1. Please work out whether the chain counts as rounded, prolate or oblate from its C-alpha gyration tensor, where a ≥ b ≥ c are the square roots of the eigenvalues and a/c under 1.5 means rounded, while otherwise a/b larger than b/c means prolate and anything else oblate?
2. Charges at C-beta only: +1 for Lys and Arg, -1 for Asp and Glu. How large is the resulting dipole of the chain about its Cα centre, in Debye rounded to 20?
3. Report relative contact order for the stretch 18-174 in percent, whole number only (criteria: Cα-Cα under 8 Å, sequence separation at least 6).
4. Report the number of Lys pairs in the chain whose alpha-carbons are under 22 Å apart, with separation of 8 or more residues or on distinct chains.
5. Can you show me the helix-derived [θ] at 222 nm for the chain, built from DSSP H runs with n ≥ 4 at -39,500 (n - 2.57) apiece and divided by the number of residues, rounded to the nearest 500.
6. Hey, can you list the DSSP H helices of the chain whose Cα span along the axis is 20 Å or longer and whose average Kyte-Doolittle score is at least -1.0?
7. Could the peptides 62-70, 157-165 be put in order, highest first, of the mean number of other beta-carbon atoms found within 10 Å of their residues?
8. I'd like the Karplus ³J(HN,Hα) series for the stretch 145-159: coefficients 6.51, -1.76, 1.60, θ = phi - 60°, whole numbers in Hz, and an x wherever there's a Gly or Pro.
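A short reminder: the numbers here are calculations on the coordinates, not readings from a lab. All figures in this text were calculated on a predicted structure; none of them were measured in a lab. Reconstructed Cβ throughout: ideal geometry from the backbone, glycine too, with neighbour counts over all protein chains shown.
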Amino acid sequence: MMLKKSRLLFIVPLPPPVHGSSLVCRRIQQSEKINTRFDCRYVNLSTSRGNDEVAGFTPLLLVKKGGRFIATLLQVFWLLLVFRPRKCYVAIACRGVGFLKDAPLVLLAKVFRCKIILHQHNKGMAGYVNKPLYRWLLPLVYRHATVILLSWRLFEDVSAVVKREQVRICPNGI
C-alpha cells in the first residue's frame, strides 16, 4: 500500500529577478528530496520580471505588477480550493509594500486552515510594528505560524510579534 504524500503549497519568489531569496526558492523548487517526499505546487510570488522592474514606479509598471499580484492571488485561491494543501510555505517580506503584498496570500491560506510556514530572508519588522496598518496586520499574519529565520540574531527584529517557540533557524536559507 502506497502512503499518500502530504501536500505543500509554496508561495515563493522565483527568478527572474535574481536575488538571494529567489535563488534559495529555486533550489527548493528543484530539490529532489522535497519533491519526492511531498506533493508540491509552486506559485511565483514575485511581481517583477526582471531587475529593471524591482524599484520601478511608472504607472504602466504599477498596473502590470497589480495585474500579476491579482493573478497570483487567484492562482493561490484556486490551488487552496482544488489542491487542498496541508501546509503553506511563504517566503515573506516582513515590512513595506512587500509585506502588504504577501499578507493577503498568508491570510487566504489561513482561511483554508493551512499550517503556515513563513520564511524570512530579510529584516526590518521592528521599524514597522507600531505603524497603524502593521500594528494589527503583523500579529494577524504571524500568529500560529512557524517562522524560519536565517539566524537567532534576527530574532530581536521580530520578537515584538513572534514568540521564540515559533522560530526555526535555517542558516543560509537551505
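1. Cα axes put the chain in the rounded bin.
2. 580
3. Contact order relative to length: 18 percent.
4. Within the chain, the lysine pair count is 24.
5. -12500 deg cm²/dmol
6. Once both thresholds are applied, what remains is 59-82, 96-111.
7. Averaged packing, sorted descending, gives the order 157-165, 62-70.
8. Running phi through 6.51 cos²θ - 1.76 cosθ + 1.60 with θ = phi - 60° gives 9, 7, 10, 9, 10, 7, 6, 5, 4, 7, 4, 4, 5, 10, 4 Hz.
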